[in-house]
1. Looking only at the range A:60-76, count every residue that is more than 12 Å from chain B (Cβ to nearest Cβ) and touching a strand residue (DSSP E or B) at 6+ places or on another chain (Cβ under 6 Å) and tell me the total.
2. Of everything in the range A:63-81, what is within 19 Å of the chain's Cα centre (by Cα) and not in a helix (DSSP H, G or I)? Give them in sequence order.
3. Quick one: what pairs do we get from the range B:52-64, first residue at the interface with chain A (Cβ under 9 Å from one of its Cβ atoms) and under 16 Å from residue A:120 (Cα atoms), second in a loop (DSSP other than H, G, I, E, B) and modelled with pLDDT of 85 or more, C-beta under 6 Å, 6+ apart or different chains?
4. For the range A:136-157, give me each residue that is outside any helix (DSSP H, G or I), over 11 Å from residue A:92 (Cα atoms) and either within 12 Å of another protein chain (Cβ to nearest Cβ) or touching a residue at least 40 places away in the same chain (Cβ under 8 Å) (or both).
5. Consider only pairs whose beta carbons are under 9 Å apart and that are at least six residues apart or on different chains; among these, list those whose first residue lies in the range B:209-223 and is surrounded by fewer than 18 Cβ atoms within 10 Å (Cβ to Cβ) and whose second residue is in a helix (DSSP H, G or I).
6. Kindly provide the set of residues from the range A:1-36 that are away from chain B (no Cβ under 14 Å), buried (at least 19 other Cβ atoms within 10 Å of the Cβ) and assigned to a loop (DSSP other than H, G, I, E, B), ordered by number.
7. Considering only residues that are surrounded by fewer than 14 Cβ atoms within 10 Å (Cβ to Cβ) and modelled with pLDDT of 85 or more, which ones fall in the range A:234-248?
8. Given the conditions (1) more than 7 Å from chain B (Cβ to nearest Cβ); (2) farther than 24 Å from residue A:50 by Cβ, and given that residue A:121 satisfies all but one, which numbered condition is not satisfied?
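The values are calculated or read from the model by the stated rules, or taken from the named source; none is laboratory data. Quantities reported herein were computed from a predicted structural model and do not represent experimental measurements. FYI the Cβ positions are ideal-geometry reconstructions off the backbone, even for glycines, and counts take in every protein chain you see.
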C-alpha cells in the first residue's frame, strides 16, 4: 500500500475534522477526495504530505511511518501540488520543473544529464514540451497546473497528492487534467490522490473515491461508491438529489 | 511492496524516449545526502540521447556570461578610478607604486593604502553585502519591496549602536578602539537581529506583504524616535561620535575596523551563497519548498544569520545606507531576465559592489553624503518595479 491511514484524527483549534479514520490507498490508482467545503480535504492532504499536524493515529507512506522520515526522504516519497499560484516573471517552466529534482541534487541544485532527461520526460508526459522556455507569468491556469504536475513528476515519487487541481479550469481542461492524472496513475504506477468538487470528473475517471462524511472517511471503489448511498447524503435537504443510475445531480422532484 | 515497471506512451507521443525513468514503487532505500538516485534503465539499447540544449537556452547563457564579464570589467575599472581620484593630487604612476610597493613618497603611500584603498574596499564589500541581504529578504518574504533598510534592520542596528555609543562612556570603555569597534558591531547585530526576528515572527502569522512592509517602516520610525530621545539625554562627546556615525560614510572605517568588517562580510556572503538552493525552492512558496525536501527551519536560520552579518555589519561601520538592498536585486532581475538565484545572487553582489563604488566616486567628487546618491539611484528602480507590477513571487 502506498498510503496507509490508521486511526488518524485531524483537526485544528477546538474543531475536530476527521475522527479515527482508517484507509488504504494502493499504487497504480487514481483516487478522488470528495467532501464539502471545510470538512478537511486540504487538512488531510497536508497531513499526508507532512505539512500539517496530526492529533493522533498514524500515516504510513510506502510502509514507512511519516514522522520517521527526514525532509529529504519524504520529498523522495511524496510530492504535492498545492493550490498556491506560481506566477513568477522571469522563471521559465523548465526551471520550475527542474526544481522538482531538488531532493536529488547537490547543495546548489546542479542538474546532471539524468536529471535533465527526467525533467524533459516530465514535460513530455504532461504535454508541455513546447513550453520549456516560456515564463510562468505568461501561462493560462490550465498550463500552469500542468507545469506544477510536471514538477511533481520530476520529483519522481511513488505518491502524488494534488489539492483541487481542477479548480479555476474550464470544463474541457478539467476532463483533460483528470485523464492525464488517470494515465499517470495507470501507466506510471503512481498512487495519485486529488481533492476536487467535480463529482463527474471523480466518478467517470477515478478508480476509487474517498468521501469525507464528517467526521469519518469512506473509501470505496468508484462503482461501489456510486451505489453506496454516501454521495446522496451530501445533498439531503438541499432540494437536490444524486441519481446513482445517471451518476448525476438533479433537482428533487416536487 | 511489488516493484512495477511500466514503459509508457504519453498520449500517443512517439516511441522514442519512453523508458526514460522507471518508477520503482515504494522504493524505501534512501540515500543519505547529495548523490543522485536515478535508476538506469534496464534496457540500455533503447537509451535516448541527453536532451540537447535549445538555441534559446544557449542565447541566455551567452548573455549571462557576457553580462558577468562586462560587469566585472566595469567594477575593476571603477575600482581603479576610485583609487586615483581624491582631494590629494597623486599621479597614476605614484598610485601604482604605492599599491605595488614601488618608489613613492610616504605621504602618498599613506593616502593610497590607508584612505583610498580602505574606502574603495569598504564600498565594494558593503555594496555586495547590502545587495545580497536585499535579495534574501525579497525572496524570503516574497516581497519585491523588501530590503534591509525598508524592513527596519538598519534602524534596529542604529538603536544598538546608539545605545552603545551613548551608553559606553558611562561604562568607561568608550575610547578603547578595538573594544569600541567590536561593541559597535555587536550592538548593530543585536539590534538588527531583534527587528528581523519580530518581522519574521509576524510574517509567519500574517501573509499580507503590505502588513510586513508597514510593520518594518513603523518599527524603523519608532526606533528612530527612541534614538533621537537618547541623543537628548546623552553628553556632548558621546553625542558627537554618534551623530558622525549616523551620517553614513564609507570613509570613517579605520584599518582596525576593517579587520572585523572584512571577515564578517565575507562570512555573510558565503552563507548567502549557501542559501541559493533554499531561496530557489522558496520561490514557489513555503509549502512547495517543504514538500521538495527543504528543512524550512534550517533555511530560515541560515538566511537570518547571513542577513544579520551582512546588513548589521554594514550599518555598524558605514551607517544606515538606503536603497542598495532594495534596488540592486531588481536591477539584476532586469539585466539577467532570470529568477534563478544561482544567477541573481552573484549578479546582485556584483551590481551592488559596482554601484556603491560608483557612489563613492560621486560623493568624492561632489562631497555629497552617500545616502543622497544611493536614494537618487534607487528610487527610479523602485518606481519602475511598482509601475510594472510584475509577479516576482
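1. Of all residues in the range A:60-76, those more than 12 Å from chain B (Cβ to nearest Cβ) come to A:66-67.
From what's left, touching a strand residue (DSSP E or B) at 6+ places or on another chain (Cβ under 6 Å): A:66.
Of the residues in that region, 1 qualify.
2. A:76, A:77, A:78, A:79, A:80, A:81
3. The qualifying pairs are B:56/A:133.
4. Within the range A:136-157, the subset outside any helix (DSSP H, G or I) is A:139-140, A:155-157.
Still in the running and over 11 Å from residue A:92 (Cα atoms): A:140, A:155-157.
Once the filter is applied, which keeps residues that are outside any helix (DSSP H, G or I), over 11 Å from residue A:92 (Cα atoms) and either within 12 Å of another protein chain (Cβ to nearest Cβ) or touching a residue at least 40 places away in the same chain (Cβ under 8 Å) (or both), the range A:136-157 yields A:155, A:156, A:157.
5. Within 9 Å, the pairs are B:209/B:203; B:211/B:202; B:211/B:203; B:221/B:155; B:222/B:155.
6. A:35
7. Selection gives A:243, A:245, A:246, A:248.
8. (1)
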